[in-house]
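The values are calculated or read from the model by the stated rules, or taken from the named source; none is laboratory data. Just so we're clear, the structure is a prediction, and the values are computed from it rather than from any experiment. Methodologically, a virtual Cβ is constructed for each residue, glycine included, from the backbone with ideal geometry; neighbour enumeration extends over all protein chains shown. Keep in mind that these areas ignore ligands, DNA and RNA; they rest on the heavy atoms of the full protein, side chains included. Shrake-Rupley method; radii C 1.70, N 1.55, O 1.52, S 1.80 Å.
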Amino acid sequence: MSNLLHGPVLNVHALSNYSFGTKDVKMEKDTSVADRLARMKQNYMKEGMRKCVEGILLVQEHNHPHVLMLQIGNTFCKLPGGRLKPGEDEIEGLKRKLSSKLAPASASVPPDWQIGECVAVWWRPNFETLMYPYCPPHITKPKECKKMFVVHLAERQHFAVPKNYKLLAVPLFELYDNVQRYGPVISSIPQQLSRFAINSIN
């Protein structure tokens, strides 16, 4: 197998290396997709295109990579991350968002998140739910740009998740081609990671 590995190496540690706790509830700003799009429209009028960053955090179980995702309610899953402040650096913004969603509230020093390369850029041409992995040629003013970065996890780490979220480890094989359950962005993660040599460390 080793002679088949190619591309940049991604070291992935066992899920059992990590510990998990909770922290205070972090309410979502929107209760529905329609609310979210309406708020996006308001913000667009004030600040222009929405810029978002998300982290792909990998662990492994049974030597297969799993992606850490936040679940809200019983169905909706998302990657940790969120909207950048106007003028905020992408890497610093992602570190801030990861700490907000995943770091213990009691931590006096935020974790030293190791942000890797950007593996995907998605565009929202209009105030609609659909996003595309390219900006359509007739769109001169896209409404949102979302960048996804690999996050290299330390060998051991403690995560604390707001009580109204669940942190799930979802295997790549469940995400692949599963647009119905996860949407086009998250279900494309296996393809985005396919150029990495994923090294499972037990």
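Of the residues making up region 165-197, just one is hydroxyl-bearing (Ser, Thr, Tyr) and open to solvent by less than 10 Å² (accessible area, probe 1.4 Å), namely Ser187. Output yes when any residue across region 148-164 is under 17 Å from the mean Cα position of the chain (by Cα), among the basic types (Lys, Arg) and either open to solvent by less than 50 Å² (accessible area, probe 1.4 Å) or farther than 19 Å from Ala34 by Cα (or both), and no when none is. There is no residue in region 148-164 that is under 17 Å from the mean Cα position of the chain (by Cα), among the basic types (Lys, Arg) and either open to solvent by less than 50 Å² (accessible area, probe 1.4 Å) or farther than 19 Å from Ala34 by Cα (or both). Within region 127-143, being open to solvent by 100 Å² or more (accessible area, probe 1.4 Å) and touching a residue at least 12 places away in the same chain (Cβ under 8 Å) holds for Glu128, Lys141. Taking the criterion of being without any contact (Cβ under 8 Å) to a residue 60 or more places away in the chain, under 25 Å from Pro162 (Cβ atoms) and either open to solvent by less than 10 Å² (accessible area, probe 1.4 Å) or in a helix (DSSP H, G or I) (or both), the residues of region 39-78 that qualify are Arg39, Gln42, Asn43. Is it the case that Lys141 is among the charged types (D, E, K, R), farther than 25 Å from Ile201 by Cα and not in a loop (DSSP other than H, G, I, E, B)? For Lys141, the condition - among the charged types (D, E, K, R), farther than 25 Å from Ile201 by Cα and not in a loop (DSSP other than H, G, I, E, B) - is not met. Considering region 1-15, and only residues there that are open to solvent by less than 100 Å² (accessible area, probe 1.4 Å) and out of contact with any His (no Cβ under 8 Å at 6 or more places or on another chain), the residue that is modelled with the lowest pLDDT turns out to be Ser2.
Of the residues Val121, Val109, only one is modelled with pLDDT of 95 or more and among the aliphatic types (A, V, I, L, M); which? Of the residues listed, the single one that is modelled with pLDDT of 95 or more and among the aliphatic types (A, V, I, L, M) is Val121. With respect to (1) closer than 21 Å to Thr75 by Cβ; (2) in contact with a helix residue (DSSP H, G or I) (Cβ under 6 Å, 6 or more places away or on another chain); (3) in contact (Cβ under 8 Å) with a residue 60 or more places away in the chain, the lone exception for Phe159 is condition (1). Would region 107-123 turn up any residue that is over 18 Å from the mean Cα position of the chain (by Cα), among the small types (Gly, Ala, Ser) and at negative phi? Checked against the condition, which is being over 18 Å from the mean Cα position of the chain (by Cα), among the small types (Gly, Ala, Ser) and at negative phi, region 107-123 yields at least one hit. Here are some residues: Thr31, Thr22, Thr75. Which one is more than 19 Å from Ala169 (Cα to Cα) and among the polar types (S, T, N, Q)? Among Thr31, Thr22, Thr75, only Thr31 is more than 19 Å from Ala169 (Cα to Cα) and among the polar types (S, T, N, Q).
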